[in-house]
Every structure is written in C-alpha cells, then in structure tokens.
Amino acid sequence: MKKSILLGFVMTSFVATAQASLDPAYFSVGSVEVREMPSDHQALVNEIQKGDDAVNAATDIWFEKADAPLDVDTLGSMIGLTGSEVGVFIAVGKEIWTIIKENQPVMNTTYNAVSVLPKEVTAWDQMAGWQAPKSTVYQVTYKNFYGVDVIRFSYRLTYTSGGTYNGKGQYLSNVSVSPVHVRVLWGFELNSDVKIKNIQNTASLDSPVPGVEVEVGYNISTIFVKEENAQVFYVRGDGYSQKLN
C-alpha cells in the first residue's frame, strides 16, 4: 500500500513538473501498442486497472456496455430500409461514427452498427441461423518518451454472424465498436472514430459470405504534436475475424 501511495506521489509530481516546464519529451508520443484483452469480465477489469497509480493525474472513465444479444426488433425494423448497395449485399446502418471525442466516450442514441444483408430480404423471418454474438476487447496504449502511459483506451469489437437467407449464404449483423474504458493523462487529447470499409463477397454468388474491414482510428494531440493511427480488423459472415495490422 505504501509503495502504491509513493508511486502515485512521484507520478503526480512528475506531471506537475511537466506542466510547469512544458517538456517536449513528456508531450510527445514515444510508442503505440495495441493488444487483445481478456474475455472474462473480472480479468478484463483487473488488467485495465493495472498501473493506475502510475497515472493517477489522468482522466479515468469507464463506459460499460453489455454484450447485447441479436436485437431482433432493431434489425427487423431496418430490413427494407434504404442502404448502401454493395454487389449482392445491402449495408444497413451507419458506416462511420465517433466513439471518443475530446477524451470523453460518445453516448450515442442512434444505431451505431452495420448489418450486411442480402439485397432481396424484405422481412426478418426470411433470415435464420444467426450465431451468438462474438466480441473481443482491445486496448491501445500510448507512451511518451519517458515511457509513461499517457493514454490507455480499451474498446469492444462486436458482431453477429451466420445468418442465412432462404437457406443460403452467411451474413453479418450488428458489426460495431464501442468504448469500454479511457484513461488520458493531463495535456493529451484523444479522439477516435470507426469506419466500415471494403465490403466484399468472399464466397459464391449463389451462397454469398460478406467480409468487411472495421477501422478504428485514433487521433492524438498535445501542444507539441498531432498524430493519427488506425487499427484495422476483418470480420466475415462465417464468423472468422482477424486483426490486420
């Protein structure tokens, strides 16, 4: 306990010194790391909270969003609406949205997700075979030139796959990214958005399987630097997913 208090005091003094001196090494990005986090909820919380004493001068926000089951009412009401036609598919829902603005999670009231469905579908009961939603949490960590974690941002990639139309194809529903936790040290600003890109048919015309790229962009700024990075994920209607970079 004494060690944690001492570490917190040292880091608070370090931040205060950086504020006073406007040290470029403090306000610059030294490294960026993206890693997959534990799937178990308590293990996830414990992992996110590691090292909190070292950045106790930070803005620290939790944004809890439970993994929702397939929303039949929401998706059902969207079927038949105008969407973006991509080959044999129609993409219904948002294809770009903001999840962090000026260090704060964005509380969205609209449906921030994309479903990639057959163009011909007109009613929810024409589709079947949906699998349980899949989700993975990732954390991006920015360190300055002193090796201090100045930004830690965790977010959840969620999607539902396997839906068939007239017994064919494997489609995607509720492809989405949402913030879980954000912790930003004084002097840094984080903005983040999501883009759904490059929707393609990875199978046959007779039994299509959509694949989409999900890009999570990070925009970091301080009084000295501005830096943009992006993490790209790939998800497919048969349930396959991969981190691309």
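The values are calculated or read from the model by the stated rules, or taken from the named source; none is laboratory data. Computed from a predicted model, the values in this text were never measured in an experiment. Cβ coordinates were reconstructed from backbone atoms using ideal geometry, including for glycine residues, and neighbour counts include every protein chain displayed. The accessibility values were calculated without ligands, DNA or RNA, using every heavy atom of the protein model including side chains. Shrake-Rupley method; radii C 1.70, N 1.55, O 1.52, S 1.80 Å.
Looking at Ser154, Ser135, just one residue is hydroxyl-bearing (Ser, Thr, Tyr), within 24 Å of Glu36 (Cα to Cα) and out of contact with any Pro (no Cβ under 9 Å at 6 or more places or on another chain), and that residue is Ser135.
Scanning region 159-198 for residues that are among the hydroxyl-bearing types (Ser, Thr, Tyr) and closer than 30 Å to Ala25 by Cβ yields a total of 1.
Look through region 184-195, keep the residues that are touching a Ser or Thr at 6+ places or on another chain (Cβ under 9 Å) and closer than 16 Å to Val232 by Cα, and return whichever of them is most open to solvent (accessible area, probe 1.4 Å).
Pass one, region 184-195, residues touching a Ser or Thr at 6+ places or on another chain (Cβ under 9 Å): 184-194.
Keeping just the survivors that are closer than 16 Å to Val232 by Cα gives 192-194.
Working: Ser192: 3, Asp193: 51, Val194: 0 Å².
Applying the filter and picking the extreme gives Asp193.
Here the helices (runs of 4 or more DSSP H) wholly within region 1-102 that include at least 3 residues being modelled with pLDDT under 50 are 2-21.
Of the residues making up region 209-237, those that are charged (D, E, K, R), out of contact with any Gly (no Cβ under 7 Å at 6 or more places or on another chain) and under 20 Å from Val116 (Cβ atoms) are Glu213, Glu215. Taking the criterion of being out of contact with any Pro (no Cβ under 9 Å at 6 or more places or on another chain) and either in contact (Cβ under 8 Å) with a residue 60 or more places away in the chain or β-branched (Val, Ile, Thr) (or both), the residues of region 198-213 that qualify are Leu205, Val209, Pro210, Val212. As a summary of the residue check, Asp238 satisfies the conditions (1) outside any strand (DSSP E or B); (2) open to solvent by less than 40 Å² (accessible area, probe 1.4 Å); (3) modelled with pLDDT of 95 or more except for the one numbered (2). Within region 208-226, how many residues turn out to be over 18 Å from the mean Cα position of the chain (by Cα), within 30 Å of Val150 (Cα to Cα) and part of a strand (DSSP E or B)? The qualifying residues number 2.
Does region 111-128 contain any residue that is open to solvent by 40 Å² or more (accessible area, probe 1.4 Å) and under 19 Å from the mean Cα position of the chain (by Cα)? Looking through region 111-128, at least one residue is open to solvent by 40 Å² or more (accessible area, probe 1.4 Å) and under 19 Å from the mean Cα position of the chain (by Cα).
All conditions but one from (1) modelled with pLDDT of 95 or more; (2) of a type outside the set (Lys, Arg); (3) in contact with an Asp or Glu (Cβ under 8 Å, 6 or more places away or on another chain); (4) surrounded by fewer than 19 Cβ atoms within 10 Å (Cβ to Cβ) apply to Asn201; the one that does not is (3).
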